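A short worksheet on the structure shown next.
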Amino acid sequence: MEQVHELLDFYHAVHTSAKSRHCAKTGTRKPVPAGATQQRRLLLQGQVVQVIAAVGDICRGRNSKAIRKHRDYFVKNQTRMAYAKLMAMKLPIGSGAIESTVRRVINLRLKGSGLFWCRASAEAILLLRSYYKAGRWKMLKHMATSHLALLET
(Lines give C-alpha, C1' and ligand atoms only; values in the text may rest on other atoms or scores of the structure.)
Protein backbone atom coordinates (compact mmCIF):
# COMPACT_ATOMS: atom_id res chain seq x y z
CA MET A 1 0.00 0.00 0.00
CA GLU A 2 1.28 3.44 -0.89
CA GLN A 3 2.16 5.44 2.23
CA VAL A 4 2.98 8.81 0.70
CA HIS A 5 0.56 10.89 -1.34
CA GLU A 6 1.75 14.15 -2.87
CA LEU A 7 -1.06 16.64 -2.86
CA LEU A 8 -1.50 20.20 -3.90
CA ASP A 9 -3.69 22.03 -1.40
CA PHE A 10 -7.24 22.02 -2.77
CA TYR A 11 -7.89 25.58 -1.68
CA HIS A 12 -4.74 26.82 -3.42
CA ALA A 13 -5.89 25.10 -6.61
CA VAL A 14 -9.33 26.73 -6.35
CA HIS A 15 -7.66 30.10 -5.75
CA THR A 16 -5.51 29.67 -8.87
CA SER A 17 -8.62 28.76 -10.85
CA ALA A 18 -10.28 31.96 -9.63
CA LYS A 19 -7.21 34.01 -10.59
CA SER A 20 -7.34 32.64 -14.14
CA ARG A 21 -11.02 33.57 -14.44
CA HIS A 22 -10.28 37.04 -13.06
CA CYS A 23 -7.54 37.53 -15.69
CA ALA A 24 -10.00 36.51 -18.38
CA LYS A 25 -12.70 38.89 -17.12
CA THR A 26 -10.35 41.85 -17.02
CA GLY A 27 -8.59 40.99 -20.28
CA THR A 28 -11.42 40.19 -22.66
CA ARG A 29 -15.13 40.82 -23.07
CA LYS A 30 -15.91 37.14 -23.61
CA PRO A 31 -17.85 35.33 -20.88
CA VAL A 32 -15.85 32.95 -18.73
CA PRO A 33 -16.87 29.37 -19.68
CA ALA A 34 -16.78 27.75 -16.25
CA GLY A 35 -17.64 29.40 -12.96
CA ALA A 36 -16.04 28.92 -9.58
CA THR A 37 -18.55 26.33 -8.40
CA GLN A 38 -18.24 24.24 -11.55
CA GLN A 39 -14.43 24.22 -11.51
CA ARG A 40 -14.38 23.44 -7.78
CA ARG A 41 -16.73 20.51 -8.43
CA LEU A 42 -14.56 19.29 -11.31
CA LEU A 43 -11.46 19.38 -9.10
CA LEU A 44 -13.22 17.47 -6.32
CA GLN A 45 -14.34 14.83 -8.82
CA GLY A 46 -10.78 14.37 -10.07
CA GLN A 47 -11.49 15.88 -13.48
CA VAL A 48 -8.43 18.11 -13.66
CA VAL A 49 -8.22 17.69 -17.44
CA GLN A 50 -11.55 19.50 -17.81
CA VAL A 51 -10.29 22.35 -15.61
CA ILE A 52 -7.16 22.61 -17.74
CA ALA A 53 -9.32 22.71 -20.88
CA ALA A 54 -11.58 25.40 -19.38
CA VAL A 55 -8.59 27.56 -18.43
CA GLY A 56 -7.09 26.94 -21.88
CA ASP A 57 -10.34 28.06 -23.54
CA ILE A 58 -10.12 31.49 -21.93
CA CYS A 59 -6.44 31.88 -22.80
CA ARG A 60 -6.94 34.79 -25.19
CA GLY A 61 -6.71 38.55 -25.10
CA ARG A 62 -4.25 40.89 -23.52
CA ASN A 63 -3.85 38.75 -20.38
CA SER A 64 -3.26 35.47 -22.22
CA LYS A 65 0.29 35.14 -20.84
CA ALA A 66 -0.99 35.34 -17.24
CA ILE A 67 -3.81 32.88 -17.98
CA ARG A 68 -1.33 30.49 -19.66
CA LYS A 69 0.73 30.62 -16.46
CA HIS A 70 -2.32 29.47 -14.48
CA ARG A 71 -3.06 26.72 -17.02
CA ASP A 72 0.55 25.53 -16.84
CA TYR A 73 0.20 25.40 -13.04
CA PHE A 74 -2.64 22.88 -13.42
CA VAL A 75 -0.78 20.91 -16.10
CA LYS A 76 2.40 20.72 -14.00
CA ASN A 77 0.56 19.69 -10.82
CA GLN A 78 -2.09 17.46 -12.41
CA THR A 79 -0.84 14.31 -10.67
CA ARG A 80 -0.98 16.10 -7.31
CA MET A 81 -4.69 16.86 -7.61
CA ALA A 82 -6.19 13.43 -6.90
CA TYR A 83 -8.74 14.92 -4.51
CA ALA A 84 -11.49 12.35 -5.18
CA LYS A 85 -9.10 9.46 -4.47
CA LEU A 86 -7.82 10.99 -1.24
CA MET A 87 -11.30 11.91 -0.02
CA ALA A 88 -12.37 8.30 -0.63
CA MET A 89 -9.44 7.26 1.58
CA LYS A 90 -10.65 9.75 4.23
CA LEU A 91 -7.47 11.84 3.91
CA PRO A 92 -7.44 15.65 4.08
CA ILE A 93 -7.23 17.62 0.84
CA GLY A 94 -6.06 20.86 2.42
CA SER A 95 -2.71 21.79 3.90
CA GLY A 96 -4.15 22.96 7.23
CA ALA A 97 -3.13 19.80 9.10
CA ILE A 98 0.44 20.06 7.81
CA GLU A 99 0.67 23.76 8.59
CA SER A 100 -0.67 23.11 12.09
CA THR A 101 1.89 20.35 12.60
CA VAL A 102 4.70 22.64 11.50
CA ARG A 103 3.52 25.21 14.01
CA ARG A 104 3.16 22.72 16.87
CA VAL A 105 6.18 20.50 16.24
CA ILE A 106 8.75 22.84 14.79
CA ASN A 107 7.88 26.30 16.01
CA LEU A 108 6.80 25.42 19.54
CA ARG A 109 9.37 22.69 20.23
CA LEU A 110 12.43 23.96 18.39
CA LYS A 111 11.86 27.69 18.72
CA GLY A 112 10.92 27.83 22.38
CA SER A 113 12.25 30.52 24.68
CA GLY A 114 15.79 29.79 25.75
CA LEU A 115 16.28 27.20 22.97
CA PHE A 116 19.05 27.74 20.48
CA TRP A 117 19.71 25.24 17.71
CA CYS A 118 22.17 25.20 14.91
CA ARG A 119 20.52 24.25 11.63
CA ALA A 120 22.21 20.85 11.27
CA SER A 121 21.22 19.76 14.78
CA ALA A 122 17.62 20.88 14.34
CA GLU A 123 17.34 19.02 11.03
CA ALA A 124 18.84 15.89 12.60
CA ILE A 125 16.36 15.98 15.50
CA LEU A 126 13.44 16.43 13.09
CA LEU A 127 14.67 13.49 10.99
CA LEU A 128 14.93 11.27 14.08
CA ARG A 129 11.47 12.32 15.24
CA SER A 130 9.95 11.62 11.81
CA TYR A 131 11.40 8.09 11.77
CA TYR A 132 10.11 7.50 15.29
CA LYS A 133 6.60 8.81 14.56
CA ALA A 134 6.41 6.82 11.29
CA GLY A 135 7.18 3.60 13.19
CA ARG A 136 10.49 3.16 11.38
CA TRP A 137 12.84 3.45 14.34
CA LYS A 138 14.18 -0.11 13.86
CA MET A 139 14.86 0.62 10.20
CA LEU A 140 16.84 3.72 11.17
CA LYS A 141 18.76 1.74 13.79
CA HIS A 142 19.58 -0.91 11.18
CA MET A 143 20.78 1.74 8.72
CA ALA A 144 22.93 3.35 11.42
CA THR A 145 24.59 0.08 12.45
CA SER A 146 24.83 -1.68 9.08
CA HIS A 147 28.28 -0.19 8.44
CA LEU A 148 29.56 -2.10 11.49
CA ALA A 149 28.73 -5.40 9.78
CA LEU A 150 30.74 -4.32 6.77
CA LEU A 151 33.75 -3.48 8.93
CA GLU A 152 33.69 -6.88 10.70
CA THR A 153 33.98 -8.91 7.48
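The values are calculated or read from the model by the stated rules, or taken from the named source; none is laboratory data. Note that the structure is a prediction, hence the values are computed from the model and not measured. Every residue, glycine among them, receives a Cβ derived from its backbone with ideal geometry; neighbour counts consider all protein chains shown. The area values use the complete protein model at the heavy-atom level, side chains included, leaving out ligands, DNA and RNA. Shrake-Rupley method; radii C 1.70, N 1.55, O 1.52, S 1.80 Å.
What FRET efficiency comes out for Arg129 versus Lys19 if R0 is 35 angstrom and r is the Cβ-Cβ distance? Round to the nearest 0.05. Using R0 = 35 Å, I get an efficiency of 0.45. Taking every protein chain into account, the 1.4 Å probe leaves Glu123 with about 100 Å² of accessible area, to the nearest ten. Each residue was assigned an accessible area with a 1.4 Å probe, and for Asp57 the value is about 80 Å². Heavy-atom accessible surface of Ile98, to the nearest 10 Å², is about 110 Å², with a 1.4 Å probe and all protein chains retained.
Scalar couplings 3J(HN,Hα) for the range 126-133, obtained by applying the Karplus form with A = 6.51, B = -1.76, C = 1.60 to θ = phi - 60°, are 5, 5, 4, 5, 5, 5, 5, 5 Hz; x denotes Gly and Pro. Between His12 and Lys65, the C-beta separation translates, for a Förster distance of 22 Å, into a calculated FRET efficiency of about 0.60. Ranking Arg104, Arg129, Arg40 from most to least accessible surface, computed with a 1.4 Å probe over the protein chains only, gives Arg104, Arg40, Arg129. Taking θ as phi - 60° and the Karplus parameters 6.51, -1.76 and 1.60, the scalar couplings of the range 79-89 work out to 6, 8, 10, 8, 5, 4, 4, 6, 5, 5, 8 Hz in sequence order, x denoting glycine and proline. If I take R0 = 30 Å and measure r between the Cβ atoms of Ser146 and Ile106 in this structure, what FRET efficiency does the formula 1/(1 + (r/R0)^6) give, to the nearest 0.05? It comes to 0.55.
For the range 51-57, 3J(HN,Hα) computed residue by residue from phi via the Karplus equation (6.51, -1.76, 1.60; θ = phi - 60°) reads 5, 4, 5, 5, 5, x, 5 Hz, glycine and proline entered as x.
In what sequence, largest accessible area first, do Tyr11, Tyr131 appear using a 1.4 Å probe? All intermediate terms of the calculation are to be shown ahead of the outcome.
Details: Tyr11 140, Tyr131 45 Å².
So the residues, ranked largest to smallest area, are Tyr11, Tyr131.
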